[in-house]
Structures are given as structure tokens and as C-alpha cells.
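Written below as C-alpha cells is the structure these notes are about.
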Amino acid sequence: MHEQYQPAQIEDQAQSLWAAEGVFRAVEDPTREKFYCLSMFPYPSGRLHMGHVRNYTIGDVIARYQRMRGKNVLQPMGWDAFGLPAENAALKNGEAPARWTFDNIDYMRGQLQRLGFGYDWQRELATCTPQYYRWEQWLFTRLVRKGLAYKKTSTVNWDPVDMTVLANEQVIDGRGWRSGALVERREIPQWFIRITDYADQLIDDLAQLEGWPEQVRTMQTNWIGRSRGLQVDFALADGSALTVFTTRPDTLFGVSYLAVAAEHPLAKQAAESNPEIAAYIERCRHHKVAEAEMATMEKEGVPLGITVTHPLTGTQIPVWSANFVLMEYGTGAVMAVPAHDERDHAFALQYGLPINPVIQGDVADHDYAASAMTAKGTLVDSGAYTGLSSEAAFDRMAEDLAAQGRGQVQINYRLRDWGVSRQRYWGCPIPIINCPHCGAVPVPDEQLPVELPTDVVMNGPQSPIKQMRAFIDTTCPECGGPAERETDTFDTFFESSWYYARYASADAGEAMLDERAAYWLPVDQYVGGVEHAVLHLLYARFFHKLMRDEGLLPKDMAEPFTRLLTQGMVNKDGSKMSKSKGNTVDPQPLIEEYGADTVRLFMMFAAPPDQGLEWSDAGVDGAHRFLKRLWKQVYERQEAGLDFRAPLDAAALSDAGKALRRKLHETIARVTDDIEKRQTFNTVVAANMELFNEVSRFESAVSADSAVVAESLQGMVRMLSPIVPHICHALWPQVGGAGLVIDAPWPAVDEAALVRDEIELVVQVNGKLRGRITVPASADKATLEAAALANPDVQRFLEGQSLRKVIVVPGRLVNIVAG
């Protein structure tokens, strides 16, 4: 054993051996309990950042621990390789997106391997390869035939610079998240998948996910937004109806105006003869559309010059168009009750519209000029419904409106169908052939995959395949006539929604998934950023149900991820690391200076995994010092002649030896619980550091005690090996371990070692700490009382007082009540 800790040499040797022996290759074995550990795969942007390092270290620690617990572990890695950044880089650097992507994959793979992550690289996948995306094309054609995928003209966020549709979340302050261009609202044909058909399942099955953070389950529930309400018809002058959905029919008598979206047919019709309305609609094309931004933006609207008839009062209600109403939500129209809705209230104040209170809450004299009163209560000024509670009014109004044919109870969802079309190039081609006679025809199975041409020149933001006749021109598979391929590509969420399942049968050439998926799935532990808590996880859950219903997964496998850990961000100088802020830390120089184990140790020790981690150069240096001390301790014990293979004789141990052994097994119990239940890896490191300090100070003249030192160092090496696997790989044979430490079992707690001959109790006088006593662990109540009363420190506080009673809490304290 070399005297000095040499991380570069140690890590290279360990990684070479792991690769040569294929120790991380996962093979299906029905006789063993499986454990599928997965971290969210990265976009191949060029280099790993510290957020990646933290995410993947957490996953690797869990995977290695479960392997030591005897599980058959699968931990794969791949690349979320399609997307707009590759196109932007291609435009900037003058190279094709495919080459840029695969060059980055090669570099980042090397970085991951340098960190020693235990991945089964034989299952590696990249979503931009035809071998991968062929199968999502195959599934999409099934969805089209089932009616679960469809095409319709839809109002979208259009980025005029990147020339693509943006999701609401990709519009920041009214501008495209990448280009910075003012986003326009356009109507274009788009492909959708009916995720709303699965809305109830997506909400109800959240109850199964007890291993998910409650915060994430709540976010998913709110995003889907299931609500019970009334669909109410307000009659127009021509005899048709303007339909709205409301969860608060108890406020119907307080309606003072109806509001429709700028894209609503009524608004468009009014704009034809009114320049003011036309100008307003044009302004709305550039308004913010993300809900969080809409909630805070200035309310704007115009009257349309038409009225509707209230279904219960018969009064005429004016119709406005308002910028807070979106056409794609509900019917594109809402009933406005300014007295009982803050948004409606703000709009009414701005335009001088009536505010009619119809709910009496707990506060009798609410100031409606200042704010709305949104709580439920008792109806007032509501005709025959006055005096009813909000809940009772809901039911009565529902009955009455249904009887008149003007309303009905309905379950609505905030969730919209998933628009999967994107107009960019670097994505999976949508497998549709557009025929002038047959319409949109799915590409037949034997013609899949529809491969994306990769030998292209990016000379502008527009997709090059939209002018590539060799790609576009084809033959209709139904009528045989000339037809054109769809040139839109899938939203990249499409690829990331099912990659976890493909890992289970990554080399399957004849099917999207094979029987191996039923063995490995569901994922037992999923690790990733909380920023993916809604869309990615929702789409993955949805895709899982689609694959199940296609017969690719067992019918009783409702969810893809059993347990979820959402790790916090890595921060520097109080803010999240990002390239745009110039505050990133490249792991590569740190690995070269300190070694991968130091980087891994710092990442696990600096903060609990679900909380933000503040970057600290001093913390990295401290982690390195601990590893050097651990190495030195083993070296010095070895040089001092410690026999690491000597048998342990527990009966022959000194009191100090027993105390050290008790500390070891208390640490094993604590660390096991911290990993298994709480997943607080920082406390795992802290507990081992405490134990290390005890070992490094321990000296004994009793020969039997040396075996406890050996046992403690062996235990530490095993407990730390999931976190710092390279140094533990090298130390394991030095401390007497057989084989590879990665194949060693997790240390077991010896309950006999936890038994104490003596215990220390706190002694209080009138509830205040006045002393401590050490007594036999088996001492009875009388012995404890006597020892407490005899303690000199306690006696000083009892002088001049009479003893009233003594309270003994076994194993904890003695409280003497005096006065």
C-alpha cells in the first residue's frame, strides 16, 4: 500500500477493472429481487455541469447501496438528444446538428465515466437515432388509428425568429425563451394527443405514489385541475347560446358581464366592423400567455356591443373581450362576477363595470370597492336562492337550469390535450403522409422509421426539410397517388416520456418493448430536478398508460416511477449556476486536481439532496482532506502491524473496545436508516466522519481490541463505498476484505454490540439540568433515585429544600422536585 493517497491512479485502476469485468452489466434474473435506479438523462449540450454531477451521484449512491443489499440492479444512461439548442449551435458553428450532438455525447460520456458512475453502458441510447425514435413513430400511428391522436387548427405561441411553436412555459415576458423575439398568437394546424382522456387516471393514480414528494403530487393535481361545476348557457339575440363553465354557480346573480377570448368568433365578428376591436385583437397576439404572467399583467379589454340574456334573471348582460381569457381553455368564454373574483374585480374597476355582491361571508361589512370577497357563504340578493348556502345553491341551480335546458353539471379539467407538433428540424419526424384524397394517413409499419435527413445545411432558422422535396414527396399508402410527408417534428417531450422503458429492452429490434420490460419496470427510484415535476413527469405517466393499453406492459402496472427524489439546485454566490450568469463550475478541473471521489463526497456532504447546495471551494478542499486522512489511517494501522483478518472475540474486549464497537454498530444502524428511508446522504457522511474520529483516536493495550479497529475500518469502507467508490475499492483489500467491495454485502448491525453495560442519565432539579450520573443499564428505579440524590452537583441545589418527589424516566433522566 502506498503511503500517499493518489486519486488519479486509484480511480483509473478501479474504472479499468470495472469496465473489463463488466461489473455493472444488468442481466434479468427472475430468482433475484430487481432494483431499477434511474436518473433523468441529460441533454448533450457539450459539458457536464455541477447540477448533472449532483443528480447522477445521488442516483449512483442509491444504485450501489441497493446492489450491496443483494438486489439485481439496473442503472442505465442515455441522451435526450433532439431539440432546438443543436439547431442554434449548428447555425452558430456552421455544422450539422447531428455531428454537434454526437460529438457532445462522446465528450460527456467520457466525463460520466471519469466520475465512476456504475452505468450499464450496453443499454445506452440516444433519442435522435432511428433505432430509438422508430418505436415512438410506431406507437403514434396506433394512437392515430385509435383516435387518440388528431390534427386540428389551433391558436399557438409562434416564435417568428426560431419559427416554431412554443409551449406557454417557453414564453417569458411575452418573448421566446431562446430567441427573445416577441411571440405572436397564430392559428396553424397542429397534431394533438388526447391526454385529457386519461385525466381521471392521472389524478386518481397519484394516490399510489406514496414514494413521491407530496409537493410534486400536489403540483400534478393542480396542473390537471379536475373541478366540478356547471356549464351554463347565456342566450344570444339570434337564438344561439354563449356557453360558460363555472365552479361557482352560487354567484350567478352577481354576473355583471361576460368575457370572451380575443380569438373567439364573437370577437372576430365584432372586429370586422369596429377598428378599435380589431386593434385590440392585434395587440393580444403579442400578449403574455403563461398563466403565472397572465395573473399579474394589466387587464385589458373592449366591449363587443352585444348582450346575452341571463338564464335565471332574464336581464341583459354585456359581452366584452378580455385579455385574461384564452380560447384554448374551456369554451373561450367566462362569466364575470367582480364582487367575488379578484381578476373580474380588477377588470371591473378599470372599466367602471358593476360590482354586485351576492354572497354573505364571515365579514359583514366587506369593502367591495377595495377587493373581491372570494369565500363561500350564504346567498343574498339571489331571488329564490337567497338564504341558501353556496353548496346548497349549487345543487338547486343545477337542477333548475337542467330542467330549463340551460345548464348541466360537468367535470372540467385545466389540462389541455398535448400539442406535439413542432416546426423545427432537429426532432423526430411525425409519421404521417398527407394525401389530397385520403387525408392524413399513418405511415405503414414496414416503412418505419421515417428517418430524419441528417446531411443538411442550416442556413437559417427554418427547418431545411420543409424545402427538401426528396424527403417530402412520396406515395399515399392507401390510394397509391402522389402525396407529401408531414414536415413537422415531435415535441422533444415525446422522446423523454418513454426512454425509461426502452432501457429495459434497449436492443429489441422487433418491438418497442419486449418481455424484459415486465421484469425491470416500474422504475424503483427516479432522481431528477424538481423543475421537471409537472410536464416531464406528467407526460411520462401518460405515455406509460398508453404503452400499457397497447399491451406493451402488464395491465396492473399503472405507474412508471415508484419512488421519486427531486434534488435541489447547485448554487454559487446565492444564485443558481447557469452559463448565462457566468457562475458555473466545471467539474473537469476539480476531478483532475482532487479526483472524482472528492467531487462526489462534497456533493453528498454539503446539503441534503432535496435542498439547494451552495458551492464552496473550501468544502471541496475539506472533502479531499477527509479522504487523505482515511487513507493515512489505514496505512498507519497497517504499518503498526494491525492484523485486519484477526477474529473478533467480543467477550475479551475492554470497556473502551466495547464502546468503539457500539459506536460502529450504532453508525451502521443510523446510516442504513438514513439511506433507506430518509435518503439524507449528508448525514451518512457525517456519521462516518464521527466514527472515523473515534477510530483515529483509539489506542488500547488490550490485544483483543485491535479487531474492533479492523472491524470499524472495514465497516467504514463498506458504508462509504457507494459515495466514494474508487478509494474504497482500493482500501477494501488493505483492510482485509475479500473480492471487490462493490460485491461485498452491506454491513449488518450486531444487536449485541448495541447493549450497554452502563448508561448516562441527566439529573434535573425542578426541571433544570443540575448533573449527570452513570449507572448500570439494568439498575432499578430505587438505584437510580439513590444515585441521583447522591450526586454532589445535585446536592448543592437541594440544600435548604425539602424533597417532594422523584420522577424517573427510564433510560433518559431523573427529575427531583424540591421546595
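Throughout, read-outs are computed from the coordinates displayed, never taken from laboratory work. Computed from a prediction, not measured in an experiment: that's the story for all the values here. Because the Cβ atoms are built from the backbone with ideal geometry, glycine has one as well, and the counts that use them run over all protein chains shown.
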**Förster-model FRET efficiency, 35 Å R0, Gln801 and Glu758, C-beta, rounded to 0.05** = 0.75
**Request:** Check the straight Cα-Cα distances from Lys768 and name the lysines below 23 Å, setting aside those fewer than 8 residues away within the same chain.
**Result:** Lys781, Lys805
**Request:** Note the angle between two axes, namely the Cα long axis of helix 781-790 and the longest principal axis of the Cα atoms of the chain, as a number of degrees from 0 to 90, rounded to the nearest 10.
**Result:** 70
**Asked** Suppose R0 equals 25 Å; then what is the FRET efficiency for Ala786 and Asp655 from their Cβ-Cβ distance, rounded to the nearest 0.05?
**Response** 0.60
**Item:** For peptides 527-533, 789-795, sequence by mean Cβ density within 10 Å, most packed first
**Value:** 527-533, 789-795
**Net lengthening on full extension, Arg228/Ser240 (0.36 nm per residue, minus Cα-Cα)** = 1.9 nm
**Request:** Report the FRET efficiency, 1/(1 + (r/R0)^6), for Arg145 and Arg396, where r is their Cβ-Cβ distance and R0 is 56 Å, rounded to 0.05.
**Result:** 0.80
**Asked** Here are several values of Rg/Rh (Cα atoms, Kirkwood Rh): [x] 1.06; [y] 1.03; [z] 0.98. Which one was derived from the coordinates shown?
**Response** [x]
**Request:** Take the alpha carbon atoms of region 399-456, find their center, do the same for region 38-67, and report the distance between the two centers in whole angstrom.
**Result:** 34
**Prompt:** Which net charge results when you count Lys and Arg as +1 and Asp and Glu as -1 among the other residues whose beta-carbon is under 13 Å from that of Leu653?
**Reply:** -2
**Request:** Please work out the Cα center distance from region 78-137 to region 718-772, rounded to the nearest Å.
**Result:** 42
**Asked** So what's the gap between the Cα centers of region 596-645 and region 191-223, to the nearest angstrom?
**Response** 41
**Request:** Quickly rank 610-621, 249-260, 331-342 as a protection proxy: mean count of other C-beta atoms within 10 Å, highest first.
**Result:** 249-260, 331-342, 610-621
**Request:** Could you tell me which trypsin sites (Lys or Arg not before Pro) in region 721-819 are loop residues by DSSP with no more than 11 other beta carbons within 10 angstrom of their beta carbon?
**Result:** Arg812
**Asked** Quick one: if you stick a label point 7 Å off each Cα along the C-beta vector at Ser575 and Val534, how many nm between them?
**Response** 2.3
**Prompt:** Summing Lys, Arg as +1 and Asp, Glu as -1, what charge do residues with Cβ under 12 Å from the Cβ of Ala279 carry, Ala279 excluded?
**Reply:** -1
**Asked** Which of the peptides 405-416, 66-77 is most tightly packed, and how do the rest follow, going by the mean number of other Cβ atoms within 10 Å of each residue?
**Response** 66-77, 405-416
**Request:** Enumerate the calculated ³J(HN,Hα) couplings along region 520-534 in order (Karplus 6.51 cos²θ - 1.76 cosθ + 1.60, θ = phi - 60°), each rounded to whole Hz, writing x wherever the residue is Gly or Pro.
**Result:** 7, 7, x, 4, 7, 9, 10, 10, x, x, 5, 5, 9, 5, 9
**Complete:** Computed over region 315-421, the relative contact order (Cα-Cα under 8 Å, seq sep at least six) in percent reads 18
**Prompt:** Hey, rough spin-label estimate for His286 and Glu690, points 7 angstrom out along Cα→Cβ, what's it come to in nanometres?
**Reply:** 6.2
**Asked** By how many nm would the segment from His2 to Ala364 grow when fully extended, if each residue of separation counts as 0.36 nm and the alpha-carbon distance is taken off?
**Response** 122.1 nm
**Prompt:** What residue among Val634, Thr667, Ala618 has its Cα farthest toward the positive end of the dipole of region 598-674, where the charges are +1 on Lys, Arg and -1 on Asp, Glu, each on the Cβ?
**Reply:** Val634
**Distance violations [Cα-Cα > 25 Å] among Lys151/Lys545; Lys572/Lys632; Lys152/Lys555** = Lys572/Lys632; Lys152/Lys555
**Asked** Summing +1 for each Lys or Arg and -1 for each Asp or Glu, what net charge is found among the other residues whose Cβ lies under 12 Å from the Cβ of Pro189?
**Response** 0
**Request:** Rounded, prolate or oblate: pick one for region 609-753, where a ≥ b ≥ c are the square roots of the eigenvalues of its C-alpha gyration tensor, a/c under 1.5 means rounded, and failing that, prolate if a/b is larger than b/c, else oblate.
**Result:** prolate
**Complete:** Using alpha-carbon positions, the gyration tensor of region 356-463 gives root eigenvalues a ≥ b ≥ c; with a/c under 1.5 called rounded, otherwise prolate if a/b exceeds b/c, else oblate, the class is prolate
**Complete:** So for region 437-519, using the alpha carbon gyration tensor with a ≥ b ≥ c as root eigenvalues (a/c under 1.5 gives rounded; past that, a/b versus b/c decides prolate or oblate), I'd call it oblate
**Request:** On a 0 to 90° scale, report how tilted helix 655-673 is relative to the longest principal axis of the chain, with both axes built from alpha carbons and the result rounded to the nearest 10.
**Result:** 10
**Request:** Starting at the first residue of region 21-32, write each ³J(HN,Hα) from the Karplus equation 6.51 cos²θ - 1.76 cosθ + 1.60 with θ = phi - 60°, in whole Hz, x for Gly and Pro.
**Result:** 8, x, 5, 9, 5, 9, 10, 4, 8, x, 7, 10
**Request:** On a 0 to 90° scale, report how tilted helix 617-639 is relative to the longest principal axis of the chain, with both axes built from alpha carbons and the result rounded to the nearest 10.
**Result:** 30
**Prompt:** Can you run phi through the Karplus equation (6.51, -1.76, 1.60; θ = phi - 60°) for region 459-476 and list ³J(HN,Hα) in whole Hz, with x for Gly and Pro?
**Reply:** 10, x, x, 5, 4, x, 6, 6, 10, 8, 5, 5, 8, 6, 6, 7, 10, 5
